[in-house]
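Worksheet: one structure, shown below.
The values are calculated or read from the model by the stated rules, or taken from the named source; none is laboratory data. Everything numeric in this text was worked out from a predicted model, so none of it was measured. Here Cβ is always computed from backbone atoms with ideal geometry, including for glycine, and neighbour counts include all displayed protein chains.
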Amino acid sequence: MARITHLAFRRLDIELAEPFGIATGTQLVAENLLVEVGLADGTLGIGEAAPFPAVNHETRADAERALEAARERLLGLEAETWRAASRRATELLGSAPSALCAFETALLDALTRSVGLSLFAFFGGAKAELISDITLTTGSPEQAAQQAARAYQRGFRLLKVKVGGAPLVHDLERLGRAASVAPDAGLVLDANASMRPEEAIRLVRALGALRERVVLFEQPTAAADIAGLRAVRESGIKVAADESARSFADLERIIDEQAADVVNVKIMKSGVVAALDMATGARAAGLELMVGGMVETRLAMTTSACLAGGLGGFSFVDLDTPLFLAHDPFQGGFEDSWPRLRLAHIERGHGVSLASSSA
Ligand SMILES: [Mg+2]
């Protein structure tokens, strides 16, 4: 059996090449954590915690405190019985989901490296290539046009536009400018829970000719406002739940209340194992799947890509944040030729390691 004999973590401060702005706040430096899990057979796995306070109020200090408090009780868990280990880790780290995610990532990385399997194959090996969207952050209409033109030139054909936190006319102008320089690209709107239902419906109705370009409206309303999410959906636009779907229990409520068409599965908000269960549960209930993340390096993003590609059937892939980093301390993992992400070459675990310059 492969028992956990080592657990360590340290800070990763990752500067962004440009600020990552959403309706509820902006990130300039990703204050993340690197978590290491070592097994009795000597295998080492790594995982990333990427708390994003503007999304769920979790800070890096919260993640560090949770890991420190749980460390002794996580040591000794068996990697092979990873669902049982995950259940125990969820009890101990559940209040700091990014810490849970990093621990589970490192655990599954170590286990799959130990048996010589890629994480992509471990999750099912269904689809070895994913095509990501790219985010247009909050900002001026001019910035939206510049970001969209650059993304379009790089080959992106799905633009996820952060909206909300500003007057409706501002967002309409940004959307219009972005759409005009990216002629056949689809648009996803993401309000990050910042709108009242009637505001979101007003935005949809005001889209005019842009309406046919918009393929999805992600999390228009507050996380707890499931009825609001449903109201926006009933106005005739496809709706994705993100902040409203942090756990399997959240997902069950969304399914019961028919509040969304799509669920955005993120390992960073639920942990890896719960994300796996949420994806399976959502699909069984007829919901479409999206995979996304916080502001993450290729370490967490490759883990999410292995999950989504391994399971297959994800309609929306939003794994673009490595493009926002001034430098990525990691190497390996997915092969990116943006917007394409390839996974078939990964041999063991997620295949990510610290870049030699950062070691
Ligand atoms: Mg979102």
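Data overview
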item: Residue in the stretch 318-341 that is surrounded by fewer than 24 Cβ atoms within 10 Å (Cβ to Cβ) and more than 20 Å from the chain's Cα centre (by Cα) present; result: no
item: Check on Thr81, at pLDDT 95 or above and in contact with a Phe, Trp or Tyr (Cβ under 6 Å, 6 or more places away or on another chain); result: no
item: Filter result (part of a strand (DSSP E or B) and more than 15 Å from Val317 (Cα to Cα)) within the stretch 336-359; result: Gly349, Val352, Ser353, Leu354
item: Residue in the stretch 186-200 that is among the aliphatic types (A, V, I, L, M) and over 17 Å from Asp261 (Cα atoms) present; result: yes
item: Of residues in the stretch 227-276 being of a type in the set (S, T, N, Q) and within 14 Å of the ligand (Cβ to nearest atom), the one nearest to Pro197 (Cα to Cα); result: Ser244
item: For Ile22: the one exception among (1) within 16 Å of the ligand (Cβ to nearest atom); (2) of a type in the set (Val, Ile, Thr); (3) at pLDDT 95 or above; result: (3)
item: Restricting the stretch 277-317 to residues that are assigned to a loop (DSSP other than H, G, I, E, B) and of a type in the set (Gly, Ala, Ser), the residue that is surrounded by the most Cβ atoms within 10 Å (Cβ to Cβ); result: Gly292
item: Some residue of the stretch 288-299 being within 16 Å of the ligand (Cβ to nearest atom), of a type in the set (Lys, Arg) and not assigned by TED's automatic domain parsing to the domain that holds Ser95; result: no
item: Any chance Gly76 is under 21 Å from the mean Cα position of the chain (by Cα) and either away from the ligand (no atom under 16 Å from the Cβ) or not in a helix (DSSP H, G or I) (or both); result: no
item: Residue within the stretch 47-54 that is more than 30 Å from Arg348 (Cβ to Cβ), modelled with pLDDT under 95 and surrounded by 24 or more Cβ atoms within 10 Å (Cβ to Cβ) present; result: no
item: Positions within the stretch 300-334 being aliphatic (A, V, I, L, M), under 20 Å from Lys160 (Cβ atoms) and away from the ligand (no atom under 16 Å from the Cβ), in sequence order; result: Ala305, Leu307, Leu323, Leu325
item: Total residues in the stretch 87-112, condition surrounded by fewer than 22 Cβ atoms within 10 Å (Cβ to Cβ) and assigned to a helix (DSSP H, G or I); result: 5
item: Candidates Gln153, Gln143 - the one that is buried (at least 17 other Cβ atoms within 10 Å of the Cβ) and not hydrophobic (A, V, I, L, M, F, W, C); result: Gln143
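Rundown of residues vs (1) closer than 21 Å to Asp190 by Cα; (2) among the basic types (Lys, Arg); (3) away from the ligand (no atom under 16 Å from the Cβ); (4) not in a strand (DSSP E or B), yes/no style:
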position	(1), (2), (3), (4)
Thr5	no, no, yes, no
Leu16	yes, no, yes, no
Glu31	no, no, yes, no
Gly47	no, no, yes, no
Val55	yes, no, no, yes
Ala66	no, no, yes, yes
